[in-house]
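Enquirer: Structure in structure tokens, see below.
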Amino acid sequence: SDLSTLHYTGIWPGFISDGLALTLSTVVSQIESLRMSEHLELSSYEPEFLKAVGFGQEPTEEVLAAAGVQTFYGESMLRYLAEAFGMNYDEVRSHHEVATADESFTTTGGLEVAKGTIAGLHCGLDGIVDGRPRLSIEWFERLRADIAPDWPPPPNRGGYRLIFTGEPNLTC
């Protein structure tokens, strides 16, 4: 018998990383690299969710490992896009960093964030080909817009960016 499987997770991962990336790739005749990123300001999210991914907690190794939960979805997205673009990456490298609160505050959703605890998360995966990133997925998440001002800012309260480097370059 024939079997089919459909896995759809929403806009990210999902439409942005799959459908939109593939659609936009038809405009780029030679893809050197693709960098996809999610930028969110999460102040209205439920405290239980925020705590589960590390917000409002001390930046210990255990918390940082749990905060990288997004990368669980990322590697399957990298594999899917590498296959679609005819790329074979040599390895996948993960990275993460946190921004801590300069002062105590409470989010609009009700999470109490103490000074020195996690108020911003940046993590991602890079598919490495010939020693350089060719496919990258990143998450930039903050509890307030002024957290981690050196990270790329979210459009309004959040959004997504896809940056193709190639012929021609394309940013969406």
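The values are calculated or read from the model by the stated rules, or taken from the named source; none is laboratory data. The shown structure was predicted, so the numbers you read here are calculated from the model rather than taken from an experiment. Reconstructed Cβ throughout: ideal geometry from the backbone, glycine too, with neighbour counts over all protein chains shown. We work out accessible area using only protein heavy atoms, side chains counted, and drop any ligands, DNA or RNA first. Shrake-Rupley method; radii C 1.70, N 1.55, O 1.52, S 1.80 Å.
Enquirer: Under the condition of being under 13 Å from Leu20 (Cα atoms) and of a type in the set (Phe, Trp, Tyr), which residue from the stretch 148-171 is least open to solvent (accessible area, probe 1.4 Å)?
Expert: Restricting attention to the stretch 148-171, the residues satisfying the condition of being under 13 Å from Leu20 (Cα atoms) are 160-164, 170-171.
Within this subset, residues satisfying the condition of being of a type in the set (Phe, Trp, Tyr) are 160, 164.
On the way: Tyr160: 65, Phe164: 2 Å².
Taking the candidates together, the pick is Phe164.
Enquirer: Any idea which of Ile147, Ile137 is in contact with an Asp or Glu (Cβ under 9 Å, 6 or more places away or on another chain), aliphatic (A, V, I, L, M) and farther than 15 Å from Leu78 by Cβ?
Expert: Values: Ile137 fails: farther than 15 Å from Leu78 by Cβ.
Residue meeting the stated conditions: Ile147.
Enquirer: Out of everything in the stretch 136-165 that is modelled with pLDDT of 95 or more and touching a helix residue (DSSP H, G or I) at 6+ places or on another chain (Cβ under 9 Å), what residue ends up being nearest to Thr107 (Cα to Cα)?
Expert: Leu143
Enquirer: Hey, which of the helices (runs of 4 or more DSSP H) in the stretch 1-91, taking only ones fully inside, have at least 2 residues that are farther than 20 Å from Arg157 by Cβ, modelled with pLDDT under 90 and open to solvent by less than 30 Å² (accessible area, probe 1.4 Å)? Explain how you work it out, then say what you get.
Expert: Details: elements: 21-25, 47-52, 61-67, 71-85.
Here the list reads 61-67, 71-85.
Enquirer: Pairs please, first residue from the stretch 43-60 and polar (S, T, N, Q), second anywhere and open to solvent by less than 60 Å² (accessible area, probe 1.4 Å), Cβ atoms under 7 Å, 6+ apart in sequence or on different chains.
Expert: What qualifies is Ser43/Thr107; Ser43/Gly109; Ser43/Leu143; Ser44/Gly109; Gln57/Val63; Gln57/Thr117; Gln57/Ile118.
Enquirer: While we're on this one: Out of all the residues in the stretch 131-146, which are basic (Lys, Arg) and in a strand (DSSP E or B)? Spell out how you get there, then give the answer.
Expert: First pass over the stretch 131-146, keeping only residues basic (Lys, Arg): 132, 134, 142, 144.
Arg132, Arg134, Arg142 - these are the residues of the stretch 131-146 that are basic (Lys, Arg) and in a strand (DSSP E or B).
Enquirer: Okay, next question. Take the residues of the stretch 112-130 that are outside any strand (DSSP E or B) and in contact (Cβ under 8 Å) with a residue 40 or more places away in the chain: which is surrounded by the most Cβ atoms within 10 Å (Cβ to Cβ)?
Expert: Here is the first cut: in the stretch 112-130, the residues outside any strand (DSSP E or B) are 114-117, 130.
Going one step further and asking which of them are in contact (Cβ under 8 Å) with a residue 40 or more places away in the chain, we end up with 114, 116-117, 130.
On the way: Ala114: 14, Gly116: 13, Thr117: 19, Asp130: 7.
Out of the qualifying residues, it is Thr117.
Enquirer: Looking at the structure I just gave you, is Ala101 touching a Lys or Arg at 6+ places or on another chain (Cβ under 7 Å) and hydrophobic (A, V, I, L, M, F, W, C)? Talk me through it step by step, then tell me what you get.
Expert: Details: touching a Lys or Arg at 6+ places or on another chain (Cβ under 7 Å): yes; hydrophobic (A, V, I, L, M, F, W, C): yes.
The answer is yes for Ala101.
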